[in-house]
Amino acid sequence: MVMIPELVDLEENLDAPIPERFQTLAQALRDEGHDEPQVRRIVRAVGGAGFNLNLFPNVSFSLAFFRVLTPVSVDRTDIRHIAIGMDGGPDAANRARLRLHEHFQGPMGFGSPDDAEVWERIQRGVQGGAALPILINRGLDDEQPGEAGPRGHISAETGMRAAYDMWKRMMQP
Amino acid sequence: MGRPGLHLGRGGYAHRRDYEAWLALWRDDGFYTLPIGDTQNFDDALNLCHDDAHMRRERITRFQQGFSISSAPPARTVRTLSRFVIESVDGDDVRVRCAEHLIEDKFGRQRIWAADLTYTLIVTPGGFQIRHKVARLLNSDGMLNSFSYLF
């Protein structure tokens, strides 16, 4: 799922201007003695990739973190967010990664609380009528064929359909 | 008379969701921190939040805009601060700790939270300002999902 196409390959266009929100970090790295190409690579690494990657069946990767989903029972799933830093990397850069993680993840983050709210609503929803179909058809109308499977808009449920297809295949004899 | 601006019931701002008044309590270089476990070096550790002035403003904007499904509508909360202890007074620098009990109510479910709070306050001509507030939840390293309010 690509959100920022220019950040798919972090080594590309390293000459592009450093975003305003990373200017302070870039200066801190220069002050530590890193040369300009290295400063730019570290800043890119701190910001993370411009895409999310979901690994079947239960790991997703985005920006600065892993999310691991562990099914516990039919109505309970444990979800763990793991912050990722650079082993031996500059302290200033790893601090920036931690602040990015806190910005999105955890109960005070700006992202995962909304995800948690949705998960809870799904739990309530699936306890409704057993005969009611669960629709995951969003984006079916304009999906394009791709090399490794269909490709859809970022807001499409293409990935969910792929995960359920795979699950069904694995659960059948 | 006490110093102007000293409101031990600071929780009142958060309770009434008077977030502009809450933002005005802080020094520009202040931090609002919910650590995990017994972390002391907040800068180099993962916290639940570790907000500078920019992040505090962003957090309040998120609460106010209504685009976040977890905070619109927010839980309703009742909180009590008690067991105040003035730990130290060093010139204009005052450290106060207390206990916070918070009960949230949302969608017919109530949850209870307890936290130890530590304030580092600075005396200014206009009253106290917060330089650092640490809210250490009793279960900060436990299973947590979503807070739609401030501690």
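Only the coordinates and a few stated rules stand behind these numbers; no lab work does. Here the structure is a predicted model, which is why all the values come from computation and not from measurement. Positions of Cβ are backbone-derived with ideal geometry, glycine not excepted, and every protein chain shown enters the neighbour counts.
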How much space per residue, in cubic angstrom, does the convex hull of the C-alpha atoms of the protein assembly as shown take up? 186 Å³
Segment A:1-83, Kirkwood Rh and Cα Rg, ratio Rg/Rh at 1.13
Which is the longest run of chain A containing none of the GluC sites (Glu not before Pro) found in DSSP loop states (not H, G, I, E, B) with at most 15 other C-beta atoms within 10 Å? A:33-146
I need the helices of chain A that pass two filters: whole DSSP H segments spanning 18 Å or more by Cα along the axis, and mean Kyte-Doolittle score no lower than -1.0. A:158-171
Residues B:TYR119, A:TYR164, B:TYR149 arranged by fewest to most Cβ contacts within 10 Å: A:TYR164, B:TYR149, B:TYR119
Value of Rg/Rh across chain A [Cα atoms, Kirkwood radius]: 1.04
For segment A:91-152, which trypsin sites (Lys or Arg not before Pro) pass both filters: DSSP loop (anything but H, G, I, E, B) and at most 14 other C-beta atoms within 10 Å? A:ARG138
Restricting to DSSP H runs of at least four residues, report the calculated mean residue ellipticity at 222 nm for chain A, -39500 (n - 2.57) per run over all residues, nearest 500 deg cm²/dmol. -11500 deg cm²/dmol
Per residue, what volume in Å³ does the Cα convex hull of segment A:130-173 take up? 96 Å³
